[in-house]
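The values are calculated or read from the model by the stated rules, or taken from the named source; none is laboratory data. Quick caveat: nothing in here was measured; it's all calculated off a predicted structure. Every residue, glycine as well, gets a Cβ built from its backbone with ideal geometry; the counts of neighbours run over all protein chains shown. We work out accessible area using only protein heavy atoms, side chains counted, and drop any ligands, DNA or RNA first. Shrake-Rupley method; radii C 1.70, N 1.55, O 1.52, S 1.80 Å.
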Amino acid sequence: MGKFKADILVVDDTLSNLLLLERILTKHGYTTRCIPSGELALAEVQMYCPDLILLDIHMPGLNGYEVCQHFKTMPTIQDVPIIFLSALDSVADKIKAFDLGAADYITKPFQAQEVLARIKHQLKIRDLQKQLEEQNTRLQREIQDRNDASTALILSEAKFATAFRSTPHAIAITRRDDGCHLDVNDSFLEFSGYTRSEIIGRTSLELNMWQNFDDRQKFIQTLTQKGYVRNQEIELRLRSGEIGVGLISAEPITINGENCIISVLSDISDRKKAEENLRRSEAKFRSLLENIADALFVHDLEGNITDVNQRACQNLGYTRDELLNLTVFDIEVGTPPETLKSAWKAMKPGTPITINGINRHKDGCTFPIEARVGIFELSGELSVIGLIRDVSARVAAEEALRSTEEKYRSIFENAVEGIYQTTHDGQYLSANPALAQLYGYESAGEMMFAIDDVGKELYVDPHRRQDFIDLMEACGTISGFESQVYRKDGSIIWISENARTVRDSQGRLLYYEGLVENITARKLAEAELQRAKEVSDQANRAKSEFLSNMSHELRTPLNAILGFTQVLVRDASLSPDHQESLQIINRSGEHLLCLINDVLEMSKIEAGRATLNCGSFDLHYLLMNIEEMLKYKAKSKQLRLTCEIAPNVPRYISGDEGKLRQVLINLMGNAIKFTNRGTVTLRVQTTGINPDYQQLLFEVQDTGTGIAAHEIDSLFEAFIQSTSGRKSQEGTGLGLPISRQFVRLMGGDITVSSTVGVGTIFSFEIPVPNSQEQQPMRQLEFTRQVAGLAPHQPQYRILIVEDRRENQQVLLKLLEPLGFEVKLANNGEEGIEIWETWMPHLIWMDMRMPIMDGYTATKIIKGTPQGQSTVIIALTASAFEEERSQVVAAGCDDFVRKPFPAELIFTKMGEHLGLQYIYAEIPNLQQRSLLSNSSNSLGTSKPELTPQDLEAMSTEWREQMHLAASQLDEDRILELIDQVSNGNLANGLRNLVNTFRFDQLLDLTKD
């Protein structure tokens, strides 16, 4: 090897790695050839054979694994040891490398001593292999000589039969006359796959061993003409059906006086497969050369082109034949011919160099190129092989990069945001003028000179810089890193940083770079916004408290008004006039309650306290109930009221039944109010179904007066009414706003389409969770009045804990007449004292009281073993549904909201105590039929009125009565009845009003 230890080929696309390995290996006496790509490496090994290859894996184009596969198919270098150099450290990558034939595997980053040691080890192994191969060659020659001698010995003497059996070559002895096998050795049996009994006594034709009969004819002809056959290649069909390839030699012999032929067959099947693989590999390699990205040129030292690949033709616009008739000097116009020739002569064989030049296209245009050329011996003559790459794009990119650098330098200097680069230790490497101005300095230079450590001198929080470094180490980038910093004058500002970590190719930290924005104004605004939010939250809390108090203060006196009305109604001794007065009081109280509920509900919505109270209910029953409730109002106006339910609408759904009921009643009530003729229709259908929920569409359509287009947008504003609404002089203008908010809570929205004079359609679509097919509990409808307790029941003790005397008296006057033993307490503290000594069966507990409220008292009672058996039913004047959960949490067994119907009190007590009642069959206040005339009370019936009974009244009076009845205006009807002097007629008309028979009033006055 001369003064060099060995010739090493280094293949790596990273220039720094090539330079480092070249320096290390050259220093230790190795000849190195550095190649930057797999394609160039394949071309390189066509020209010379290295002693060892260092091969990178990740490279553009062919990667190391693919290059290794090509190397292993090339006879000249397939045995050259290959050591992979890679940053990949997984077991799978190493296994793949060794499966491809790698001799060793070194993980980057590597140590020079490790690389040298492994190279030395592999070279030593290669030297030993070469020595072994030489010894093996000599041994093979000796074996061949011995085999020849053994064959001769077999032919001459039977005592050498043992050698005949043991030779590795397949040997067969056949009779010359008919070709019948007389004997074969074990090697022949192993090659053919037959057993001795299957082959002895049979011919090769009988065994169908000849794959190609031309081979047999040639064998016989050569043996006949020459008297022997030497190394004829034949194909034989083996017992397995596979085709074996061998070299057969044969000559005639005489054994025991019989003419025979001895044939010796060398199995070359594996060699033929290897040759075929090599042929395919060479074809693939040629195809690779034809398709590599670079142009390949081969020419002599005079510049005459002898070979090119397809890429060269494409780059220059010539055909292959045209290029083979040109010289390098016809193509390369950037370098004088003499300079090129001098460079070729100065080049050492096998040591390529890089040359930059300018090539000329067939059309005359020129383009810059980069050539990697070397001198190699091909077919006994020195030739120049060059890989030529068109670098037009790279040159343009470099020019663009220079332009871009200038552009970004201008941006850096003129940017509004501060831009910087700092070391890990906090020293500025660069900064733009905007950053200096942000920190109060006149220039970036002044700032960088003044600040030695940003962590100690810039940040107000001394630990902030370490927070910055920790985030950068963990994430590599940060965004919106907010800090307080000192300016030059000592003032403090807020900044926001976006930064990233910059590292070298080895992963070592170089610096941090980032952008800085002054966010002081934003921080001040955020602080002001937070203060405003706190003020708003405080206002909302005050509003919620006001609503709670207002609900209690408004509903509490109404409870007394409506409660005592119900108590008095139960007194059968009252005269009809008194009954009528009570009816007026009750209707007015209920009307006032509705108005209060609307106002409170709207206030609750505005305060964000409206919630859903979901449960399972019967949708069909709800719709039927609403239709039944409104049909008399529609009939009084001679309107047709219909409810259309699509077949696919489920009967049982889950949702807030109360809010859905209120929405539908509001929409249908409005439709009836503003429709004078025609129909009002409620339609329900399903628009979409999935396993979890379904979409229900509700539409309320009328043939009423319609709404002007300019009024539609204001329909859903609180306390705002349309023109027709103002003309009606009814309502508060809250129905539609409340309805829309309820629908939005349920997941939908109300839409409206209207044509003046034609009608209006209100519609909304809500998602409804699927519900189990079960009958939900319905609100009881009171049609009977409790008259007393059934006999044979215990004496029940009832405690009323209520701070207002009027409310105490309502319950007291309802319960004592029925036979209950009742005690009163004015607050929770008194209630606990009475409970401890009296042990009532049931406690009616007001929740808001002085000294101790109902929540605290309930918790104390229910916190004892005895209290667990005491039924506590909460009484509250709150209109807010969410209070129910608070009451249950306190331990109450049930919940009743003030004002309440008397029958609800009796029903709740019956549910919890198992009471049995005696009922009186009279209409209740729920149907607004409290009153009955004296004749009905006595069991007599008054004849029905006829139109003739009203003939005494004037035409104007009858028209006004008809109009009032069509509008369900009870007050106006009663005013007109007061004008009637006939007592019996007046009582009959009042009876029709009290029993809501407005239809009969319309019939009596229709003419």
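Things to note:
- With contacts taken as Cα pairs under 8 Å at a separation of at least 6 residues, the stretch 292-395 carries a relative contact order of 29 percent.
- A 1.4 Å probe, protein heavy atoms only, puts the accessible area of Y420 near 10 Å².
- With each label modelled as a point 7 angstrom along the Cα→C-beta vector, the N498-L116 pair spans 5.0 nm.
- Heavy atoms of the protein chains alone define the surface here; on that basis the stretch 292-395 has 51 Å² accessible area per residue at 1.4 Å probe size.
- N212/Q78 FRET efficiency (R0 22 Å; Cβ-Cβ; nearest 0.05): 0.10
- Note on A986 and H463: their simple-model spin labels are 9.1 nm apart, each label 7 Å out from Cα toward Cβ.
- For K345, a cut-off of 24 angstrom between C-alpha atoms picks up these lysines, skipping any fewer than 8 places away in its own chain: K3.
- Whole-number D in µm² s⁻¹ for the stretch 163-268, Kirkwood Cα-pair radius fed into Stokes-Einstein, 20 °C, 1.002 mPa s: 156
- Heavy-atom accessible surface of the stretch 187-246: percent carbon and sulfur, 1.4 Å: 44
- Modelled FRET efficiency - R0 22 Å, L471 with E405, Cβ distances, 0.05 increments: 0.15
- Distance in nm between pseudo-label sites at S714 and E142 (7 Å out along the Cβ direction from Cα): 12.0
- Rolling a 1.4 Å probe across the protein heavy atoms gives the stretch 786-919 an accessible surface of 41 Å² per residue.
- Average accessible area per residue (Å²) across the stretch 163-268 - probe 1.4 Å, nucleic acids and ligands excluded: 53
- Mean separation of Cα contacts under 8 Å (6+ apart) over length of the stretch 6-135, as relative contact order %: 21
- Applying a threshold of 19 Å to the alpha-carbon distances of K813/K898; K631/K908; K72/K108; K637/K673 flags K631/K908; K72/K108 as lying beyond it.
- Rounded to the nearest 20 debye, the dipole magnitude of the stretch 163-268 is 160 debye, with +1 charges on Lys and Arg beta carbons, -1 on Asp and Glu beta carbons, and the Cα centre as origin.
- Carbon plus sulfur fraction of accessible area for the stretch 947-1005, probe 1.4 Å, in percent: 41
- This model, with +1 at the C-beta of Lys and Arg and -1 at the C-beta of Asp and Glu, gives the stretch 6-135 a dipole about its Cα centre of some 320 debye.
- For the stretch 292-395, a simple Cβ point-charge model (Lys and Arg +1, Asp and Glu -1, everything else neutral) yields a dipole of about 340 debye relative to the Cα centre.
- Local net charge near A393, Cβ-Cβ under 13 Å (Lys/Arg +1, Asp/Glu -1): -2
- Under 24 Å from K456, Cα to Cα: lysines that are on another chain or at least 8 residues apart: K488, K523
- Relative contact order for the stretch 81-144: 32 percent, from Cα pairs under 8 Å spaced at least 6 residues apart, divided by residue count.
- Of the accessible area of the stretch 292-395, computed with a 1.4 Å probe over protein heavy atoms only, carbon and sulfur atoms account for 51 percent.
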